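Asks: Pasting a structure here, questions to come.
The values are calculated or read from the model by the stated rules, or taken from the named source; none is laboratory data. Since this is a predicted model, take the numbers as computed values, not measurements. With ideal geometry, Cβ positions are generated from the backbone for all residues, glycine too; neighbour counts draw on all protein chains shown. Keep in mind that these areas ignore ligands, DNA and RNA; they rest on the heavy atoms of the full protein, side chains included. Shrake-Rupley method; radii C 1.70, N 1.55, O 1.52, S 1.80 Å.
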There are 2 protein chains.
Amino acid sequence: MKMTVTKDKLVESVNHVMKAVSSRTTIPILTGIKITASLDGVTLTGSDSDVSIKSFIPLSENDQQNVTIEKTGQIVLQAKVFSDIVRKLPSDTIEIEVDQRLITKITAGSSEFTLNGLDPEEYPLLPVIDEEDNNIVTIKKDLLKHVIRQTVYAVSTSETRPILTGVKWDIQNGKLDCVSTDSHRLAQRVLPITTDDETNYQNIVIPGKSLNELYKILDDNSEESVRVIITNNQVLFKVKNIDFFSRLLDGNYPDTNRLIPTDSKTTITLSTKGLLHAIERASLLAKEERNNVVKLRTHENSVEILSQSAELGRVYEDVPVEKIEGEDLKISFSAKLTMEALSRIDAQTIQINFTGAMRPFVIRPVGDDGILMLVLPVRTF
Amino acid sequence: MKMTVTKDKLVESVNHVMKAVSSRTTIPILTGIKITASLDGVTLTGSDSDVSIKSFIPLSENDQQNVTIEKTGQIVLQAKVFSDIVRKLPSDTIEIEVDQRLITKITAGSSEFTLNGLDPEEYPLLPVIDEEDNNIVTIKKDLLKHVIRQTVYAVSTSETRPILTGVKWDIQNGKLDCVSTDSHRLAQRVLPITTDDETNYQNIVIPGKSLNELYKILDDNSEESVRVIITNNQVLFKVKNIDFFSRLLDGNYPDTNRLIPTDSKTTITLSTKGLLHAIERASLLAKEERNNVVKLRTHENSVEILSQSAELGRVYEDVPVEKIEGEDLKISFSAKLTMEALSRIDAQTIQINFTGAMRPFVIRPVGDDGILMLVLPVRTF
């Protein structure tokens, strides 16, 4: 293998695939990045066996030459050291040459690195996913980023019920329904999508960790679309020159519909930020106590947010509301869980439906039926 | 005590004094910030008993009202929670009122905090330093920042010889001579300063930790001067509305002059950044090995920087030099220590004097006699 590649393209690709490389892997070859030089460009691959990322650098792009291939081939290089080296090289183009003993010479300007390569034959093969045979969903990149941000925060971090560490994706009738819950709170986002086959039904659970890594790779270019290809045990997100593979979680996701109250005894409509900031302030005195619990009490034209700590003192704040309907209410809840939900709602105004102090309450942005966030209260009042 | 203060001024002052507050103090009252409302403004004080910082907010500044005092008095409030609260308060002005039981009410907009205050009588008194009776040195703020950056990095982090954890300041004949060493490297900066009494001689050792905190407080307004007042066991830095107190280290600082070679067998003149970046790259393969050692070898018109790791591979790079004089040389040294020195030299070109592979080498910026950085080599070649 022998090729020349522009530094900025190589750095970008290395940054992408590094998101899948874990230093704590038990498979030694996966501490490396696989580099494949073919006639149409260079492909970098990183994997921790749950997530695999392939980043392709085409020979040229927008009339700019990225890569020159003198001899095709492949090599695996220690990911950490290779990414450090690439970033620090002194020139705009980098030459990489591999000999038959896998010794890899990286030359840039007057700097010459000679690295001991690893055998590319040992690197696991990524699943070959044929777009023809599978269900493809298309979703705008910025929309996908929103969906991830608004659901993945609520997945469970505990391995006691592994299925809850993922986000459930339900695809049918041109709709994508995403749900996550850690059994203390729940997030749901429903949105229309483009599918190849509208009658088809898909139900998968994607690990939260994979979605977090995918989120970091998706840049803010909102024009591009992401193609999502679902197989039995894998999902593949394809965007521009990146292929992002994730395994799926096995098992049945619990039916969350029965958790969401359909009635409401107290309904308040108020500013998202107004409530968020009042809870943030109240939580300052609640942090030390267990559970980070704050209280809400309804008044005629406002809700009062309060908390106290025996050691530090107490805080209360009146938050004005647009509308308040139904029964008077006193309720206690985790400031942390509620702030995490509120901070992911972009709408200026929210409606919260309460069904008493002991039942979960439901937060919805006003003017958007597709988003729902549910929080379980805490018994203290 | 009862007063109103603008939020931005209070936040700024709290940020300053927080730099002295440690959560790991053994003196409970020092986990607090002392607030003193007097007729001319508000003073905040934070201390960890080694460093104490006083920040004063005058009633008004540049025709802008900062503070209104309704009733003078003082209180100590938990530093962490008070600083969090102040930052998050919803309005531009904050009212603070303390009752006789030390209960402190903080009101801003519709938010009301009631904090349990601590007894201000328990707060240790800061030394009263009379400017009349002591030696005062005046130094431009940006120059002081440079001096700190170029010396404090070389102090020892080990407590086996406590005196080496400080920077020695020698003041005489209108000159300030700063030296630090951890016995593996040494930094020295000499500069002219303004003293009240030119004939006076001062020799103090300031803890590196104090100088690091002082550095963070000094902003980049280069017009201001800092007055440095030295007493027997304390140094006070006065700038604008901030008083920064540090204790001094006890003991005799070793004579470092004998460590600095006066002769030179090999002298090279080259680009500071060129050498720095070549060493950075070479260190990428040296990191894993102990000591992070790289090698330098002189050639006719260049120096070669190289390193190797049995596991990873090797790297070499030719760095062009402006001038090279004297004997041929091969020398090994710590990449980390040398990079720390080089990255603190602002001059484009440096001269390095070597006196053989086993003796310390001396780096000096070309065109500035006031700065000297010395590194001990490692025996490997």
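Asks: Under unit Cβ charges (Lys, Arg +1; Asp, Glu -1), what dipole magnitude, rounded to 20 debye, does the protein assembly as shown have relative to its Cα centre?
Replies: That gives the protein assembly as shown a dipole magnitude of about 1420 debye.
Asks: I'd like the per residue volume of the convex hull spanned by the Cα atoms of the protein assembly as shown, given in cubic angstrom.
Replies: In the protein assembly as shown, the Cα convex hull volume per residue is 214 Å³.
Asks: Going by amide H atoms built from the backbone, whose H comes under 5 Å of the H on A:T231, apart from near neighbours?
Replies: Under 5 Å from the amide H of A:T231: A:L236.
Asks: Additional query: Based on Cβ point charges of +1 for Lys and Arg and -1 for Asp and Glu, what charge dipole magnitude is obtained for the range B:50-99 about its Cα centre, in debye rounded to the nearest 20?
Replies: 220 debye
Asks: Give me the orientation-averaged projected area of the Cα convex hull of the range B:133-247, in nm², one decimal.
Replies: The orientation-averaged projected area of the Cα hull of the range B:133-247 comes to 6.8 nm².
Asks: Now for a separate question. Going by a ≥ b ≥ c, the root eigenvalues of the Cα gyration tensor, does the range A:167-224 fall in the rounded group (a/c under 1.5), the prolate group (a/b larger than b/c) or the oblate group?
Replies: The shape class here is oblate.
Asks: A further question follows. So which lysines pass the test for A:K265, namely a Cα distance under 20 Å, with those fewer than 8 places away in the same chain ruled out?
Replies: The reachable lysines, counting only those whose Cα sits under 20 Å from A:K265, are A:K295, A:K323, A:K330.
Asks: Which far-off residues, 5 or more places away or on another chain, put their amide H under 5 Å from the one on B:L176, with H placed in the peptide plane?
Replies: B:L191, B:I193
Asks: Taking each residue in B:114-123, count the Cβ atoms of any other chain within 10 Å of its Cβ, then average. What number comes out?
Replies: That works out to 2 on average.
Asks: Let me see the P(r) profile for the range A:2-122: every Cα-Cα distance counted, bins of 5 Å, each bin given as a percent of all pairs.
Replies: Histogramming the range A:2-122 at 5 Å steps yields 2, 12, 23, 26, 22, 11, 4, 1, 0 percent.
Asks: Once Lys and Arg get +1 and Asp and Glu get -1 on their Cβ, which of B:L126, B:G326, A:T380 lies farthest toward the positive end of the dipole of the protein assembly as shown?
Replies: A:T380
Asks: Which one of B:V14, B:T160, B:Q172 has its Cα pushed farthest toward the positive end of the charge dipole of chain B, where Lys and Arg give +1 and Asp and Glu give -1 at the Cβ?
Replies: Highest projection toward the positive end goes to B:T160.
Asks: Can you run phi through the Karplus equation (6.51, -1.76, 1.60; θ = phi - 60°) for the range B:31-46 and list ³J(HN,Hα) in whole Hz, with x for Gly and Pro?
Replies: Result, ordered by residue: 6, x, 9, 8, 10, 10, 9, 10, 5, 9, x, 10, 10, 9, 9, x Hz.
Asks: Which whole number gives the average count of other chain Cβ atoms within 10 Å of the Cβ atoms across peptide A:81-90?
Replies: 4
Asks: Charges at C-beta only: +1 for Lys and Arg, -1 for Asp and Glu. How large is the resulting dipole of the range A:1-131 about its Cα centre, in Debye rounded to 20?
Replies: Its charge dipole is roughly 460 debye.
Asks: Which value, in Å², gives the accessible area per residue of the range B:152-196 when a 1.4 Å probe is used on the protein heavy atoms?
Replies: On a per-residue basis, 41 Å².
Asks: Based on alpha-carbon centroids, what's the gap between the range B:128-192 and the range B:257-336 in Å, whole number please?
Replies: The distance from the Cα centre of the range B:128-192 to that of the range B:257-336 comes to 29 Å.
Asks: With 5 Å bins from zero, work out the P(r) of the range B:286-381 over every alpha carbon pair and list the percent per bin.
Replies: Once binned at 5 Å, the Cα pair distances of the range B:286-381 give 3, 12, 22, 26, 22, 10, 4, 1, 0.
Asks: What's the center-to-center distance, using Cα atoms, between the range B:23-92 and the range A:1-78 in Å?
Replies: Centre-to-centre distance over Cα atoms comes out at 54 Å.
Asks: Counting residues in chain A as N, plug N into 2.2 N^0.38 Å and put the Cα Rg over that result.
Replies: 1.20
Asks: Let me confirm one metric for peptide B:273-284, namely the mean number of other chain beta-carbon atoms within 10 Å of its residues' beta-carbons.
Replies: 3
Asks: ³J(HN,Hα) across the range B:218-232 via Karplus (A = 6.51, B = -1.76, C = 1.60, θ = phi - 60°), whole Hz, x for Gly/Pro?
Replies: My calculation for the range B:218-232 gives 6, 7, 8, 5, 7, 6, 6, 10, 10, 9, 10, 10, 10, 10, 4 Hz in order.
Asks: Another question, then. Lys/Arg Cβ at +1, Asp/Glu Cβ at -1, dipole of the range A:1-73 taken about the Cα centre: which of A:T43, A:S23, A:S60 is farthest positive-ward?
Replies: Towards the positive end, the residue furthest out is A:S23.
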